Each structure stands twice: as C-alpha cells, then as structure tokens.
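Below: the structure, in structure tokens.
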Amino acid sequence: MPKRKLDPLPAAAFQIMLALADGDLHGYAIMRQVEEQTGGRLRLGPGTLYGSIQALLEGKLIEEIARHEDADGRSERRRYYRLTVAGRKLARSEAEMMADVLRVARARKILRGDYV
Amino acid sequence: MFEKVYTRLLRLYPSPFRKQYADEALQLLRDRHRDETGFFKRARLLWDLVVDVFVSLPQEYRNSDAVRDEPTLSASAEGIPSFMVLEKEPLGRGAILLGSALSVTTVFAFGLLVRWSMDYLPVPGSNGRITPIQAVVERLNRATTPDAGEGDGEGASESTSVGASEPQPRAERAASLAPASSSTASPAAYLASATGSWRGVLTDANARPVRSAEIHLIGGHGELVALTGEDGSFAFSEVALANYEVAVVLAGREIAYLKTLPVKNLSTPSKLTLAPGGRLVISSPGK
C-alpha cells in the first residue's frame with residue numbers, strides 16, 4: 001500500500017520539524033514559528049499545515065501529545081505536537097545535507113559570506 | 001465572514017481530513033483573524049487561504065488515496081469497471097438533490113439545444129418550419145438527386161450514367177421534389193420513392209461471364225456488395241438513388257471504376273467489362 005511521500009522531505013514538513021525542535025507547539029504556534037524562522041517567506045495555510053502534520057504523524061516523525069496546561073493552569077482545547085527521536089534524527093540529516101550543499105555553493109562563490 | 005467562507009471551503013477536503021483537522025484549521029483561522037487586523041493583513045489572510053486551498057486540496061486527495069486501507073469499489077468489483085469513489089461517506093441528501101437537479105438541467109438543456117439546432121438549420125427549398133425528421137428526409141433527398149450533367153463527353157463505349165439512355169421520368173422528379181415543397185408528405189413514402197435498383201452482368205475482355213466476383217457500390221451512405229452468379233450477373237435492389245463509385249474485387253484484386261456512377265431505376269442490365277490493363281468499363285445497352 002502506498003504511503004504519503006516524505007522522501008524527499010517537503011519544505012513545509014521540514015520547517016514544521018524545525019519549529020518543533022525547541023519544544024511542543026500547537027498548530028497556530030507552528031505556523032507563527034515557521035513564519036518567523038523563514039523571515040515571513042513561508043506562511044503555512046491550514047490545509048498545508050495540517051496535511052503536513054498528518055504526513056509527519058503517519059511517518060512517526062512527530063507525535064501528538066496530551067492537552068497542554070498553559071501558565072494559568074487553564075486547559076487549552078488544542079492539540080500539541082512534539083518532535084520524535086526519529087523526527088529529530090531525520091531533521092538533523094536533512095540539515096546536514098543542506099549544509100553540505102551550502103558549503104559547495106560557498107566554495108563555488110555562488111553565495112556571499114553573509115550567509116552562515 | 002472568513003470563517004463562513006472557510007467552513008464551506010473545508011467541505012471540499014476528503015472526509016477523513018475534515019474529521020480530524022477541521023476544528024483545528026478553523027481555530028487557526030480564528031487565531032489569525034484575531035491577530036491580523038487592518039486591510040492589508042486581512043487581504044493577505046484571504047489570499048493565503050485561497051492559495052492554500054488550491055495547493056493543499058489536490059495533495060490531500062492524493063494522500064487520502066494513498067493511505068486508503070480498505071479496498072476501493074473498483075478493486076472489489078472483480079473486473080467490472082466502476083468509478084473510483086473519493087468520498088468514503090454516503091452521499092448526503094443535499095448532494096443527491098443537487099446532483100439530480102444538475103443532471104435534469106443538463107439533459108433538458110441538451111434537449112433544447114438539439115431541438116433548437118434542428119429547427120433552425122437552414123434547409124434550402126423549404127418554405128417554413130419543418131420537423132426534424134422531415135429535415136433529415138429533405139437532406140437525404142438532396143444527397144440522392146442525380147446530377148444529370150455529370151459524365152457527358154466520355155468514351156464512346158463507356159457511359160458514366162447507368163440510366164443515361166433513359167431520361168428521368170417526370171413523375172419521379174416530381175416525387176423527389178415533393179417533400180421540399182410540402183411538409184405533409186409521408187417520410188416513409190418518400191424514402192421508398194428515393195430508392196432504385198441496379199443490375200448487370202460482369203464479363204471479361206473476351207465477353208465470357210465472370211463468376212464469384214464482388215461488385216462493390218461505394219457511396220456516401222455506405223457500401224453495398226453483390227456477388228456475381230454463374231452467368232456473371234449481379235443485382236442490387238433497394239439502392240438509394242445517389243452517386244456511387246464502383247469497384248470489382250476478383251480473387252482478392254480490386255478494380256475500381258474511377259468515375260462516379262449515378263444509380264437510377266433500370267429495367268435492362270448494365271454491362272461491366274474487365275478490359276485489358278485492369279480497367280473496368282461500364283456500358284449500358286443501347287448506348
């Protein structure tokens with residue numbers, strides 16, 4: 001049975017994994033985090049966001065966790081998501097692959113020095 | 001407003017996705033709507049939603065198809081062709097009503113279009129509105145009216161018109177024109193008057209009858225075939241009066257009569273001769 005394709009990892013899914021690297025987030029917070037980490041270039045719409053989340057859940061790269069208690073002790077009616085060990089590993093290998101590409105691009109003087 | 005629009009847009013998504021994430025997606029929209037105020041940001045929100053639907057909708061259907069666990073209808077139908085059903089849930093009453101209304105409207109519109117096109121097709125010679133059947137009969141009639149001038153000045157032993165020795169009877173001509181001027185003529189009676197017969201004998205260059213040869217009459221309405229008998233004779237009955245090409249197939253070899261042959265009623269048989277050089281010569285007795 002064919003599964004959802006995460007190979008190659010879509011940009012939206014990778015950004016979601018990066019957003020979850022710092023901690024558990026709900027959908028809207030993931031969207032804001034992705035927007036922030038991409039400098040406003042990527043604003044995930046609900047369909048793309050939850051479609052990617054569904055694919056990542058099926059790939060066991062993220063997991064849904066029990067409802068989160070916020071600072072006031074009030075239970076929020078939101079689902080939170082957490083990066084799994086497998087997800088972190090995949091995100092790291094993807095980032096390393098990109099770092100390799102970046103290194104080559106810099107060596108070929110395609111990129112200027114202001115890119116880290 | 002945004003929420004209402006997006007609730008409707010969400011209905012386009014596959015039902016498993018809707019069940020799982022519709023509330024979350026609406027919550028996300030509410031959050032953005034709360035945080036993004038001002039004309040520019042609201043316009044950007046609307047743009048994002050529209051783009052998102054266009055991008056994610058096909059993806060969701062592709063994915064929901066990929067992760068489908070149970071066999072689809074087409075797989076379970078054991079070789080019987082059937083539609084792939086994207087939606088797993090049974091159709092709602094509204095969808096059935098809408099589908100029925102659309103189907104009836106489409107059929108009705110198609111019927112009107114056909115009726116309109118048949119009514120207003122220009123029919124030269126008709127002096128008023130005629131029924132579609134009469135229009136078809138009219139066109140058949142025009143197609144089968146022989147061209148009297150065709151074939152004149154051909155070889156002496158060769159006649160392109162089988163009925164050239166007989167002038168077309170005045171009564172027949174009158175009958176053929178009747179439906180054009182009168183919309184009360186019976187189509188069946190008219191069709192009967194628009195057919196004729198053609199018979200003849202096929203011989204070789206030495207005037208010996210050729211048997212078991214196929215005579216093909218190829219016209220705009222199709223192709224008729226007759227087989228020659230022991231004496232080389234063949235006959236076509238109930239042939240629409242039209243121009244035909246004639247071909248003789250003998251032992252797998254085709255000899256075509258290159259000129260057009262108008263078929264009319266004939267009492268005397270035509271003579272077909274397989275001339276040397278693979279030519280077919282058709283002549284009428286008395287010519």
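The values are calculated or read from the model by the stated rules, or taken from the named source; none is laboratory data. Just so you know, these numbers come straight off a predicted model, no measurement behind them. Cβ sites come from the backbone with ideal geometry, for glycine too, and all protein chains shown count toward neighbours.
Residues B:D52, B:D35: which one is touching a helix residue (DSSP H, G or I) at 6+ places or on another chain (Cβ under 6 Å) and of a type outside the set (A, V, I, L, M, F, W, C)?
Criteria check complete, one pass: B:D52.
Just checking, does the range A:75-84 include any residue being at pLDDT 90 or above, within 14 Å of chain B (Cβ to nearest Cβ) and crowded, with 19+ Cβ neighbours inside 10 Å?
Scanning the range A:75-84, I find at least one residue that is at pLDDT 90 or above, within 14 Å of chain B (Cβ to nearest Cβ) and crowded, with 19+ Cβ neighbours inside 10 Å, so the answer is yes.
Of everything in the range A:1-53, what is among the basic types (K, R) and facing chain B (nearest Cβ under 9 Å)? Give them in sequence order.
Result: A:K3, A:R4, A:K5, A:R32, A:R43.
Yes/no per residue for (1) in contact (Cβ under 8 Å) with a residue 60 or more places away in the chain; (2) hydrophobic (A, V, I, L, M, F, W, C):
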{"site": "B:Y6", "(1), (2)": "no, no"}
{"site": "B:L10", "(1), (2)": "no, yes"}
{"site": "B:P14", "(1), (2)": "yes, no"}
{"site": "B:Q20", "(1), (2)": "no, no"}
{"site": "B:R44", "(1), (2)": "no, no"}
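So which residues in the range B:11-42 are of a type in the set (S, T, Y), under 18 Å from B:S56 (Cβ atoms) and not in a helix (DSSP H, G or I), if there are any at all?
Within the range B:11-42, just B:Y13 meets the criteria.
Of all residues in the range B:23-43, which are more than 9 Å from chain A (Cβ to nearest Cβ) and hydrophobic (A, V, I, L, M, F, W, C)?
B:F39, B:F40, B:A43
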